[in-house]
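Data first, discussion second: the structure below is written as structure tokens.
The values are calculated or read from the model by the stated rules, or taken from the named source; none is laboratory data. Just so it is clear, the model here is predicted, and its values are computed rather than measured. Methodologically, a virtual Cβ is constructed for each residue, glycine included, from the backbone with ideal geometry; neighbour enumeration extends over all protein chains shown. Protein only, heavy atoms only, side chains kept; ligands, DNA and RNA dropped before computing areas. Shrake-Rupley method; radii C 1.70, N 1.55, O 1.52, S 1.80 Å.
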Amino acid sequence: TTTSIKVKEAESFKLPDLPTQPQFKAWRQVVRKKWVSGSGRGKAAFRKIKLVEKDGTKFEDFADVGEEWESPDSKLAAALSEKMMGEMGRRISMRDEMLAEDDEMMTGMQHLWLIYQEYKLDAEKAQMHDLSDLMNLELRNESGLESWHTSFTGMLHSMMEEQPEANKVFLIHRQMTK
């Protein structure tokens, strides 16, 4: 006999607002967790959503998510649509509308893929950050230490080149001795 596992899916997905570039990795982790828990499919859901992050994938790769994933995918699309704002939201909305004019529906995975591509482009622009940007971060007083540290580590993560440990130590020491 085979045992069938009953899937308990959430009625809807609640996602956080779209992040700034330095917050993107943490936001992406939340989206993964919401997808996994909301779909009720555990590790299979994790593997499914990670496909959107793979290099070399295309928008069209996610046009058919498969029957098993249609319900959670449509909930993902709805949740992401609610968060669309600004120029990125306008571009994605236009693409969604173009598909609708052709009687096609943008999937949640396609929606997410477009968002990830936008942040990838932003990350490429952010690579223009260099050591001088880190040097310009200023710790004004002790109460701002946590905020400064968050900005400092966020900028380090958004840089293409890994900074040598000596640079990090120098910059931290420089702020602490002001």
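Working out 0.36 nm times the residue gap between Lys25 and His157, then minus their Cα-Cα distance, what length gain in nm do you get to one decimal?
Residue separation times 0.36 nm, minus the Cα-Cα distance, leaves 46.6 nm.
How high is the FRET efficiency between Ala78 and Thr150 when r is their beta carbon distance and R₀ equals 30 Å, given to the nearest 0.05?
After rounding, the FRET efficiency stands at 0.45.
List the lysines whose Cα sits under 29 Å from the Cα of Lys50, skipping any in the same chain fewer than 8 residues away.
Reachable lysines: Lys6, Lys8, Lys14, Lys25, Lys33, Lys34, Lys58, Lys75, Lys83, Lys120, Lys125.
Counting only heavy atoms of the protein chains, get the accessible area per residue of segment 1-60 (1.4 Å probe) and round it to a whole Å² value.
71
If R0 is 30 Å, what FRET efficiency do you get for Lys58 and Lys14 from their C-beta distance, rounded to 0.05?
Result of the calculation: an efficiency of 0.55.
Using 1/(1 + (r/R0)^6) with R0 = 45 angstrom and r between the beta carbons of Arg90 and Lys168, what's the FRET efficiency to the nearest 0.05?
0.70
How do 71-82, 50-61 rank on mean C-beta neighbours within 10 Å, highest first?
71-82, 50-61
With the full set of protein chains in place, find how many percent of the accessible area of segment 24-85 is carbon and sulfur; take the probe as 1.4 Å.
So the carbon and sulfur contribution to the accessible surface is 52 percent.
Picking from Gly86, Phe59, Pro72, whose Cα lies most toward the positive end of the charge dipole for segment 34-168 (charges on Cβ: Lys, Arg +1; Asp, Glu -1)?
With unit charges placed on the Cβ atoms, the residue in question is Pro72.
Once both labels are modelled 7 Å past Cα along the beta-carbon direction, what's the Lys33-Glu70 spacing in nm?
Label-label distance for Lys33 and Glu70, simple model: 3.1 nm.
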